[in-house]
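Throughout, read-outs are computed from the coordinates displayed, never taken from laboratory work. Computed from a predicted model, the values in this text were never measured in an experiment. Methodologically, a virtual Cβ is constructed for each residue, glycine included, from the backbone with ideal geometry; neighbour enumeration extends over all protein chains shown.
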Amino acid sequence: MPYSWSTLLAVFICIQGFYTLSYPHFRNHIRSAQNGLQFEQIFLDSGTNYTLSSYLRDLTLHSHLAGTQPALQTKQYVEAHFKDLGLETHTVEFEPLLSYPVHASLSVHYRDGSSEDLRLTELGQEGRVVMPYHAYSPSGSAFAKAVFVNYGRDEDYLALAALGVNVSGFIVIARRGEELSRGKVVEKAAEKGAVAVLMYTEGVTSGGVERGTVMGELGDPLTPGWASVHGGEKLGLEEREVRERLPKIPSVPISAENAETILRSLEGPRLPYEWGMDTLRSKIDSVGPGSTFLNFTYQEEKKMVTIYNIFAVIRGWEEPDRYVLLGNHRDAWTYGAVDPNSGTAALLDIARRYALLIRSGWTPRRTIVLCSWDAEEFGMVGSTEWVEQNLLNLGYKAVVYLNVDCAVQGQGFFAQSTPQLDNLLMEVTKKVKDPDSEGMVVYETWAATDGGINIQRLSGVDSDFAPFLQHAGIPSVDLYYGKDFSVYHTAFDSYDRMTQLDPSFHRHVAVAGIWGLLALQLADDPILPFDYLSYAAQLQEHANSLSYLLGYGTSVHPITTSIQQLAAAAKQMEVEAKKFKKQETIDDLSKLKRRSLNDRLMLAERGFLDEVGLQGRPWFKHLVYGPPNDYESNLVFFPGVANAITQATRMPKRDGLLAIQHEIWRVARAIQRAADAIKGEVI
Ligand SMILES: *[C@@H]1O[C@H](CO)[C@@H](O)[C@H](O)[C@H]1NC(C)=O
Ligand SMILES: *[C@@H]1O[C@H](CO)[C@@H](O)[C@H](O)[C@H]1NC(C)=O
Ligand SMILES: *[C@@H]1O[C@H](CO)[C@@H](O)[C@H](O)[C@H]1NC(C)=O
């Protein structure tokens, strides 16, 4: 087809762009609300699967691990893309400590004197991608027997203890679970006296091995809490604060096949029944140890390297100092087709479509910033350093942070967000075509899934939203299609694989559509589309779950009282906001009032931040959403309360209850601060 619909559209837009430049009053005119809808429509109509697939192919031609030479090419590609579109482009460098493998070996020595060398690489991928490793694992070696520790949780070690198995002096084999991060698994194993950890992942593609970081915290380990700039202060590796962030014993990831070889040779007590019915269970009988010895060596190199965050900025016309941020990381363990460059392709396509809007006369009301992060895989390093560097400005100017990491992992739409954005998210999905069902919008298929729409909360620390929300208190969203893809962090996360996960790239189109439209509305709506009544309702559900969990003895009443204040403030706000809605041409005084109202909406989330932060992890300031130290409490909200509940089990009853009650009061005060921010008055 020589003249596609999009070519015609592009011609139309060029003509319109010409008129826009020539007639200033027309330019004013198209800022009206009705034209806002027109721009939305242009944005939606300009989504194309072939641009997305070609960006992804270019981004995944070679592996591009942060801090390596090939990653520079990927950086240049993204920079050139933004610049070629005529967007204001900036690159911000940091110089963190990253970690790379030098050598690893693992052999099994059987009772009969025979031995076997296990391959630690992925067949056929040697030299093309970095060997499977755990970033920040120390160098080390061990010649020891092995014990299987299931997921490596406290309860797993308790089960082992009940069987009379003590892992001290052994190499432990752990399978990856959802509850503990890799870093936590290694930390717990080290606490129990293990000398090394081998980790495997079930369900991973055959022969694939899952890489990952084992650093416990976020950002550059040498600059805890401040930015890792060239020539800036860096702690030494020997300092306590740094040592505490880095693992104490070596670890590597291994393939499920290698894990099976080792696990089959174990002797000792039988596997506890509660350890589940995974694929290996039928093949292994015992937790170990046995008579088999493992010989494990690992050598790493820690290096200070330059990393690059790239930004494209579209300045707002009414509130240039209010930021709507869209972010995705660019660095990948290997080729990164799913993780993260399906998201990068979407970001690049949004840039293309926004440039089209600009040419047709659009300028956002607020400033839009497209962010391409580096070194996320090492522990959200690029985004964390940038947030730390800009904490003050972001604190009072950032409206929202919209994250997309692995945009397309398979089928089905998933979203996580802070609750004031729930309604906007649902509204936006009503405007975007469903990639898998002809004639339907994303919202319809999403609502039709088992259990209906289920927006998750952002307590995890598995992508770049963590510093924005959990450190800086910026309302956040995270979007993706599909979950649990089998090539996660392996050499098989390639463009070819993506052509199976999203054969015609329509899921990419859907994610880019939802992501870009969310930002358009957040940047252009005269009144920020934040719904704090919905936040209050969610908090009340959290409070109810907590109350149920705690039973008698502890009262969540302070939280409930604060939630009522928040709901009352939110209701009052709605009344005020109504006055401004539909009113487009307003005088300066009203503009000032509208801005102050928007500021109250923007700042409310900051209320949940607490200067002191979570106990033992003061960098995490958000008391509603953040990572609990342990998952024993099963709470995915109020992390401080969750920690207190876990600790209480190891304290005299009365002290435990007091500690929990104190954390409840802290949450109550945080919610009260959010309510006060919405009220916006001190007296
Ligand atoms: C495990 O063994 C080590 C070394 O023999 C010992 O110090 C430790 O107390 C033991 N742990 C338990 C829970 O028995
Ligand atoms: C363990 O492996 C290392 C590295 O291959 C080797 O140098 C060492 O001799 C081995 N140790 C034993 C006891 O086999
Ligand atoms: C884009 O979508 C069309 C229609 O579904 C399909 O025929 C085409 O192959 C897709 N292009 C790519 C690059 O996937």
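A few notes on this one:
- Cβ crowding within 10 Å ranks Lys248, Lys234 as Lys248, Lys234, fewest other Cβ atoms first.
- Folded to 0 to 90 degrees: helix 557-580 orientation relative to the chain principal axis, Cα: 30 degrees
- Our summary of shape: the Cα atoms of region 509-549 have principal axis extents of 41, 27, 8 Å, ordered from largest down, in whole angstrom.
- Kirkwood Rh and Cα Rg combined as Rg over Rh, evaluated for the chain: 0.98
- Loop-resident GluC sites (Glu not before Pro) (DSSP state other than H, G, I, E or B) in region 97-184 with no more than 15 further Cβ atoms inside 10 Å of their Cβ: Glu178, Glu179.
- Two-site FRET efficiency, Ser437 against Glu202, from Cβ-Cβ distance with R₀ of 25 Å, rounded to 0.05: 0.20
- For the chain, the longest principal axis of the C-alpha atoms and the axis of helix 341-359 are separated by about 10°.
- Where only DSSP H runs of four or more residues are counted, the chain gives -12500 deg cm²/dmol as its mean residue ellipticity at 222 nm, each run worth -39500 (n - 2.57).
- Mean projected area (nm²) of the alpha-carbon convex hull when region 299-457 is viewed from all directions: 12.4 nm²
- Quick note on region 225-349: its Rg to Rh ratio, both from C-alpha atoms and Rh being the Kirkwood radius, is 1.14.
- For the chain, the relative contact order comes to 15 percent (Cα pairs under 8 Å, sequence separation of at least 6).
- Potential extension, Leu37-Arg654 segment - 0.36 nm per residue separation minus Cα distance: 216.2 nm
- Checked against a 25 Å cut-off, the cross-linked pairs Lys83/Lys581; Lys184/Lys483; Lys75/Lys302 give Cα-Cα distances beyond that limit for Lys83/Lys581.
- Here the convex hull built on the C-alpha positions of region 312-383 has a volume of 71 cubic angstrom per residue.
- Summarised in one figure, the compactness ratio Rg/Rh of region 535-579, Cα atoms and Kirkwood Rh, is 1.15.
- Footprinting exposure proxy for Ser181, Ser168 (fewest neighbouring C-beta atoms within 10 Å first): Ser168, Ser181
- Here the relative contact order of region 98-303, from alpha carbon pairs under 8 Å that lie six or more residues apart, stands at 35 percent.
- Counting 0.36 nm for each residue step from Thr261 to Tyr552 and taking away their Cα separation leaves a gain of 99.8 nm.
- Each of the peptides 422-430, 454-462 was scored by the mean count of other Cβ atoms within 10 Å over its residues; in descending order, highest first, they stand as 422-430, 454-462.
- Residues in region 362-400 reached by a label modelled at Trp226 [backbone nitrogen below 12 Å; 7 Å Cα→Cβ]: 389
- Added length on full extension, which subtracts the Cα-Cα distance from 0.36 nm per residue, Asp117 to Lys303: 64.0 nm
- Put simply, the Cα atoms of region 223-285 extend 55, 21, 20 Å along their principal axes, the longest span coming first.
- From most to least packed by mean Cβ count within 10 Å, the peptides 631-644, 315-328 give 631-644, 315-328.
- Taking 7 Å steps out from each Cα toward its Cβ at Thr449 and Leu391 produces label points 3.5 nm apart.
- Per principal axis, descending, Cα span of region 420-561 in whole Å: 57, 41, 32
- Dividing the Cα radius of gyration of region 478-605 by 2.2 N^0.38 Å, with N the residue count, gives 1.56.
- Rounded to the nearest 20 debye, the dipole size of the chain about its Cα centre is 1240 debye, using +1 on the Cβ of Lys and Arg and -1 on the Cβ of Asp and Glu.
- Quotient of Cα Rg and 2.2 N^0.38 Å for region 532-679, N being how many residues it contains: 1.21
- Magnitude of the charge dipole, region 98-303, Cβ model with Lys/Arg +1 and Asp/Glu -1, debye to 20: 180 debye
- Alpha-carbon geometry of region 98-303: the Rg and the Dmax are 17.3, 57 Å, given in that order.
- Here the contact order of region 191-319, divided by its residue count and restricted to Cα pairs under 8 Å and six or more residues apart, works out to 25 percent.
- Label-to-label distance, nm, for residues given as Glu427 and Ala162 (7 Å Cα→Cβ offset): 5.2 nm
- Helix 588-603 axis, angle to the chain major axis (alpha carbon atoms, nearest 10°): 10 degrees
- Seen from a random direction on average, the alpha-carbon convex hull of region 421-498 projects onto 7.0 square nanometres.
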